[in-house]
Structure formats: structure tokens, C-alpha cells
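The values are calculated or read from the model by the stated rules, or taken from the named source; none is laboratory data. Predicted model only: the values in this text are computed from it and were never measured. With ideal geometry, Cβ positions are generated from the backbone for all residues, glycine too; neighbour counts draw on all protein chains shown. All accessible areas refer to the heavy atoms of the entire protein, side chains included, with ligands and DNA or RNA removed. Shrake-Rupley method; radii C 1.70, N 1.55, O 1.52, S 1.80 Å.
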Amino acid sequence: MSEQNKTVSDSLTETVPSLSSSAMLVDLQISQFTGSKKDKKASEQVTAINNADKGVANVHKKLLGNCKELDDIKKHVGETRNHYHYAMTMPWSNMGLRLLTTPNYFNYHKAMTERQATFASLVDTFLQSYEWKVSQVNANLGNLFNRSDYPTLSEMKRKFAFNLDYPPLPDAGDFRIDIGNEGNKALKEKYEGYYAKQLENAMGDVWTRLHESLSNMSERLDYQGKGDKKTFRDTLVSNVEHMMGLLKTCNVTNDPKMEQARIELDDVLRGVTPDALREDDYLRSQTKQSVDEVIKSLPSINF
């Protein structure tokens, strides 16, 4: 093993037990009925009418037309993934597993179980109206209507699911596979490299999100006293405050730079409100300057 790899391995030996006790993996699986289907016959007709090559144009039909009940489910799922799941966790694997820190577990679990309950309620509302919707949509689709496109009610129920699991975060050194000492050693070293890379990606995601929220704040606060001020929503401040919380709960490696950034931002935004930034030009200028200083201190990442 090279000296560099040995250093990484030694570092992981010290870090991994702490990480496995301060974080866990979370696996969110949500399935839903899309309500969209390709119509092969209509697609062929469109290409033929326009003298186009086969396959260059496709016709997708909305099986239930403009179905509010189904749209509500889609919107809820999107918000659950983007504003809750992704916002409160960090990336871990390309299989969809995310890293959740133990300090953030209770807030995450409470939010997600509430989202799960709302999902079940929205699905129930949709299923109650499903058969009536199918009977009414014939007029909307005209010749595109095909009764065989529609699952039965029992089949439709099985298309919706909301599952939340918390697999344990394995220690890099915990290999109990009977493949011999040499094979076990090589596998352990390979996983330690993977472990270090995934942890680097997770922490890098926090830095990237912080950089994006601070850059947005700096851009919206930029005002030289000429022309109209740039408008912004109250979330300009609350988004950064949210990131300050993540800097604390997601700092699983106890990175002093991350803690320092949190402390500096806490000082910058203490007592600052969106309305005050809109009304007080001096506060606006000073806040932008302070935010820019924090941005300069962030680690170098390929943003």
C-alpha cells in the first residue's frame, strides 16, 4: 500500500466508527401512476402525415386528461423528494441511498411520516374517483381512447407505494467474508476507498448547496444605489438559515471549516430580516459584503 493510501486508510480507521454511530442511510422508494402512455398508432400516423421517418415523433396521451387528483399526488411526491428528502440528507450511493445524520433523524422522520400520511390520503381520494374518471375521459380523448390502457381498480392500487427504510451504515473495517486473508484485505482496502469517496461526495454536496444559497443572496443584494433594487422573496434569508442548520447537523466529520462558516453566518444574519434588507441600504450593503467574505472562505469545489 502506498504511503498516501496508508494515510487515507489510517484516517478512515479513526473516522468510520464515529461516522457509523453519527449517521445512517435512508432509502426512500415512492411509486405512482404517471397517467401517461405512448400511443403507437397515433405516433405512426403523425410521422406518416408529415412525411417523416418512423420513430422521429411520438404521441403520448394523458389517460385521465386533466385529472386534479392525480396531479395533486405528482406535486406532493415532487415536493417530498426535493424539499424534504434531498434537502435534509446528503448523497451516498448511485443506487439512491442517502446519508442522514443522527441529529437530523427525528426532524426528518417526523416530516417524512407526515408526508407519507398525506400521500396515502391523496391516493385514497384519487382511487375513489378513478373509475368515474375513466368513464368520463372517453369524450376527451376521442379516437385515442382505448379501454385496455386502464388498469382495474385493484391493479391501480398496487401502482402506489411510499416506503421509507433506514439501512445501517456499515463500518469500512467490518468484513466477515470467508475469502481468505489476502482477498479480504484487498476487499477491505477497496471498500475503504469507496467509503472515503462517498463521504467526500456527501460533504461536498453540503458545501455546494451552501455556495449556491450564498451566491444567490449576494446576487440579489447587489445594489450600487443606481437604478431599481433587485427584488427577492423572504426565502432568500430563510434558505441560508436552513443551510446554517445543515452545517451543524450534517458535519459528521467535525470539519472545523464547516463549523467556522456556520458561526460566521450566524453572526452575519443575527437580527437580519428580509424587510430590513429591503428598506435599509446600509444593512443591505454590509450583509452582501459579509456574505461575500464567507463565500471566499469556502473550500475550493468544482461548483
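Values as computed for the structure displayed
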| read-out | value |
| --- | --- |
| Identity of the residue in segment 267-284, touching a Leu at 6+ places or on another chain (Cβ under 9 Å) and surrounded by fewer than 16 Cβ atoms within 10 Å (Cβ to Cβ), that ends up farthest from M217 (Cα to Cα) | A276 |
| Restricting segment 226-263 to residues that are more than 14 Å from A87 (Cα to Cα) and small (G, A, S), the residue that is least open to solvent (accessible area, probe 1.4 Å) | A261 |
| Qualifying helices (runs of 4 or more DSSP H) (wholly inside segment 1-89; at least 1 residues being more than 30 Å from Q198 (Cβ to Cβ), open to solvent by 70 Å² or more (accessible area, probe 1.4 Å) and at pLDDT below 90) | 40-49 |
| Test result for A111, under 30 Å from L246 (Cα atoms), surrounded by 12 or more Cβ atoms within 10 Å (Cβ to Cβ) and of a type in the set (A, V, I, L, M) | yes |
| Residues being within 17 Å of Y108 (Cβ to Cβ) and of a type outside the set (D, E, K, R) - total across segment 245-259 | 7 |
| Residue within segment 121-136 that is open to solvent by 40 Å² or more (accessible area, probe 1.4 Å) and at pLDDT below 90 present | yes |
